[in-house]
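The values are calculated or read from the model by the stated rules, or taken from the named source; none is laboratory data. Not measured: the values here are computed from a predicted model. Note that each Cβ is placed from the backbone with ideal geometry, even for glycine, and that neighbours are counted across all protein chains shown. Calculation scope for accessible area: heavy atoms of the full protein, side chains included, ligands and nucleic acids excluded. Shrake-Rupley method; radii C 1.70, N 1.55, O 1.52, S 1.80 Å.
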Amino acid sequence: QVQLVESGGGLVQAGGSLRLSCAASGRTFSRSLMRWFRQAPGKQREYVAAINSGGSTYYADSVKGRFTISRDNAKTTVFLQMNSLKPEDTAVYYCNQAEGGASVWGQGTQVTVSS
């Protein structure tokens with residue numbers, strides 16, 4: 001069974017950077033769609049970025065130009081480089097793996113951006 005473990009969250013000042021990692025177990029990683037979502041307190045979970053098996057990337061308008069998603073298939077890990085962070089980026093960030101109709105979530109990592 002696939003398991004996802006996020007890391008790299010923390011507290012950073014506005015304008016700073018963080019790099020999130022999501023390590024996946026299992027043998028389906030290379031052909032999976034990998035996505036990052038986030039959920040701020042009192043709000044619904046929202047899509048942030050995605051990278052497909054071919055390496056094409058997609059972003060929510062709110063993070064376009066500031067965040068970069070990438071993947072390392074050899075290490076079965078997906079990354080989210082977050083630059084120019086804003087207080088409104090504060091949320092729990094979740095990794096998601098989708099392949100063959102299955103969808104798996106990680107436990108989340110907290111990102112807090114202070115003003």
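Inspect segment 58-80 for any residue being assigned to a loop (DSSP other than H, G, I, E, B), in contact (Cβ under 8 Å) with a residue 40 or more places away in the chain and in contact with a strand residue (DSSP E or B) (Cβ under 9 Å, 6 or more places away or on another chain) and give the result as yes or no. Yes - at least one qualifying residue is present in segment 58-80.
Residues of segment 22-39 include none that is in a loop (DSSP other than H, G, I, E, B), in contact with a Pro (Cβ under 9 Å, 6 or more places away or on another chain) and over 16 Å from Phe79 (Cα atoms).
Restricting attention to segment 81-115, the residues being part of a loop (DSSP other than H, G, I, E, B), open to solvent by 30 Å² or more (accessible area, probe 1.4 Å) and under 15 Å from Tyr47 (Cα atoms) number 1.
Among the candidates Arg71, Arg31, Arg35, the residue that is modelled with pLDDT under 95, over 21 Å from Ser115 (Cβ atoms) and open to solvent by 40 Å² or more (accessible area, probe 1.4 Å) is uniquely Arg31.
The residues of segment 99-115 that are within 13 Å of Gln1 (Cα to Cα) and in contact with a strand residue (DSSP E or B) (Cβ under 9 Å, 6 or more places away or on another chain), listed by number, are Glu99, Ser103, Val104, Trp105, Gly106. Listed by first and then second residue, the pairs linking a residue in segment 89-102 that is in contact (Cβ under 8 Å) with a residue 24 or more places away in the chain to a residue that is among the hydroxyl-bearing types (Ser, Thr, Tyr) and part of a strand (DSSP E or B), with Cβ atoms under 6 Å apart and 6 or more places separating them unless they lie on different chains, are Thr90/Thr112; Tyr93/Thr109. Inspection of segment 49-60 finds no residue satisfying the criterion of being crowded, with 21+ Cβ neighbours inside 10 Å, under 16 Å from Gln110 (Cα atoms) and of a type in the set (Val, Ile, Thr). Pairing residues of segment 3-15 that are farther than 16 Å from Val113 by Cα and in contact (Cβ under 8 Å) with a residue 60 or more places away in the chain with residues that are part of a strand (DSSP E or B) and open to solvent by 60 Å² or more (accessible area, probe 1.4 Å), at Cβ distances under 9 Å and at least 6 apart in sequence or on separate chains, gives Leu4/Trp105.
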